[in-house]
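The values are calculated or read from the model by the stated rules, or taken from the named source; none is laboratory data. Predicted, not measured: the structure shown is a model, and the values here were computed from it. Positions of Cβ are generated from backbone atoms using ideal geometry, with glycine treated the same way; all protein chains shown enter the neighbour counts. We work out accessible area using only protein heavy atoms, side chains counted, and drop any ligands, DNA or RNA first. Shrake-Rupley method; radii C 1.70, N 1.55, O 1.52, S 1.80 Å.
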There are 2 protein chains.
Amino acid sequence: MRADAQRNAARLRAAAADLFQERGLQVSLKEIARRAGVSHGTLYNLFGSREALIDEVIADLAAVRLGDAARAALACPDPWQGFAGYVAEVCELQATDPALGDVLTRRFPDASRLMAVCDNSYSAAESIIDRARRDGSLRPDFTAADLLFFLASHAPLARSAAAAGSDSWRRAVGFMLDGLRTPAATPLPTAPMTPQQINHLLIEGSATPAG
Amino acid sequence: MRADAQRNAARLRAAAADLFQERGLQVSLKEIARRAGVSHGTLYNLFGSREALIDEVIADLAAVRLGDAARAALACPDPWQGFAGYVAEVCELQATDPALGDVLTRRFPDASRLMAVCDNSYSAAESIIDRARRDGSLRPDFTAADLLFFLASHAPLARSAAAAGSDSWRRAVGFMLDGLRTPAATPLPTAPMTPQQINHLLIEGSATPAG
DNA sequence: AGACATGTTGACCGCAGGGTCAAGTTATGG
DNA sequence: CCATAACTTGACCCTGCGGTCAACATGTCT
């Protein structure tokens, strides 16, 4: 790879990282190129697709952030504290970093490294949940699918609340957590989602085609 | 108004009602015209703006649906049952009717009749919440702003879950309600939103400009 | 029936997005 | 220092959106 190409790739990566984190994973590729100070043709040249760019720029970061949160949760002596702290931490990430808010939505199935991060996070969440359930502090009917549903619905509003300088999303998380403790538990009206249902749900989630 | 214009207006209203309820209040106006079988020029001619169309086609419907839910809630002898049923009912509306899911987002400030419906609903929610708080069954720190936050974040996923034939959103509502009963209550990390903050939050919510 | 007001139409504008590619430029190795 | 492979560029394609308007059609009233 020629030196100038390397320079351009670095600039593009930096611009992409900035914009993804400022405005989410759907920012226009032309705008990324604009901010990097190169032609959008060059972006397509060097990366080929938004997914490739995401994988290069966000996947590691997401892996670290989510991995840290999960590790901290499992390291916490009190399973409930671990679980609650994990949820709060992930929500915090969603509120402060739009890119991370978009990670869990699985809306970029072709970003393979990112999808791997999603899968790992899901497994980690299962462990965290399991531990808290076995402990008796987390209601037994709560599943990782339920957590994912909550996080996915929470992300957009948390993001704009944070952008508007508001903490209000923390309240929503607080209510939710109070509903997840065993003493509060009340029978649920329906079964948890299967992984297929989750996928379907999240991907269809926002980019509904026009037909 | 000429007879053909009246016919066209009726067709447009019908098409708009259909599409709003199928896909939400942001469907393209050209598509509404297409489905109505008239030129989009005619739509602009007869209605002038999306907001006018919304006001004509959705405002009443929303007023009735939300009003019924509120009335039923206040008529319920048990304040907690009334509150919980209200939340569940509104969520059901959001899940089954994308147009109603968009109503509470306040993303169409120029649709004045719709905005009035929002305001009324908010007041009604305050009464319902108040009654349940005074009853001692609803945690005292829960406000109408919190409910609005929940509903706004809930709507999109509930919609796509329902579209995918899934009931899973009911679980989320169940967890949330369990967190709202007084016995579950745990101190909250931050203050509720002011009306201004709500407005800001919801309107910025999804249509973030590119700049 | 005819004339005029009232409506309708679709081409057109500007914008922005994704994506491609021939032509031009520049780094690099011999 | 130059030949060439490697790279960049921006014009161009497509799509779809909101919105306007001159030219045309049609209902309506006398």
If amide H atoms are modeled at 1.01 Å from N in the peptide plane, then the residues at a separation of 5 or more from A:Thr186, or on another chain, having amide H under 5 Å from its own are none
Given the candidates B:Ala95, B:Ala9, B:Leu66, the one whose Cα lies deepest towards the positive end of the charge dipole of the protein assembly as shown, counting +1 at each Lys or Arg C-beta and -1 at each Asp or Glu C-beta, is B:Ala9
Expressed in angstrom and rounded, the centroid-to-centroid distance over alpha carbons for segment B:3-31 and segment B:44-117 is 18 Å
Placing each pseudo-label 7 Å from Cα in the direction of the beta carbon, A:Asp130 and B:Ser123 end up separated by a distance in nanometres of 5.4 nm
Taking N as the residue count of the protein assembly as shown, its alpha carbon Rg divided by 2.2 N^0.38 Å gives 1.04
Any residue on another chain or 5+ positions along whose placed amide H is under 5 Å from the amide H of B:Val38 is listed here as none
Spelling it out for A:Leu138: with amide H atoms placed in the peptide plane at 1.01 Å from N, the residues 5 or more places away or on another chain with amide H under 5 Å from its amide H are A:Arg133, A:Thr182
Phi-derived 3J(HN,Hα) across segment A:75-81 with the Karplus relation (6.51, -1.76, 1.60, θ = phi - 60°), rounded Hz, x for Gly and Pro, is 7, 5, x, 8, x, 5, 4
Inter-chain shielding metric for A:187-200, i.e. average beta-carbon neighbours from other chains within 10 angstrom, reads 4
Answer in debye to the nearest 20: the dipole magnitude of the protein assembly as shown about its Cα centre, from +1 Lys/Arg and -1 Asp/Glu charges placed on Cβ, is 760 debye
Residue-normalised 222 nm signal for the protein assembly as shown, counting each DSSP H run of n ≥ 4 as -39,500 (n - 2.57), nearest 500 deg cm²/dmol, is -23000 deg cm²/dmol
Quick calc: nm separation of the 7 Å Cα→Cβ label points for B:Ser28 and A:Ala88 -> 4.6 nm
To the nearest 20 debye, chain B has a Cα-centred charge dipole, built from +1 on Lys and Arg Cβ and -1 on Asp and Glu Cβ, of 440 debye
For segment A:148-154, Karplus-derived ³J(HN,Hα) couplings (6.51, -1.76, 1.60; θ = phi - 60°; whole Hz; x for glycine and proline) come out as 4, 4, 4, 5, 5, 6, 6
Relative contact order in percent for chain A (Cα pairs under 8 Å, 6+ apart) equals 20 percent
Residue by residue through segment B:124-130, the couplings from Karplus 6.51 cos²θ - 1.76 cosθ + 1.60 with θ = phi - 60°, in Hz, x for Gly and Pro, are 4, 4, 4, 4, 4, 5, 4
The protein assembly as shown accessible area per residue, 1.4 Å probe, protein heavy atoms, integer Å², reads 43 Å²
Buried accessible surface, B vs A, both sides, probe 1.4 Å, in Å² to 100, equals 3500 Å²
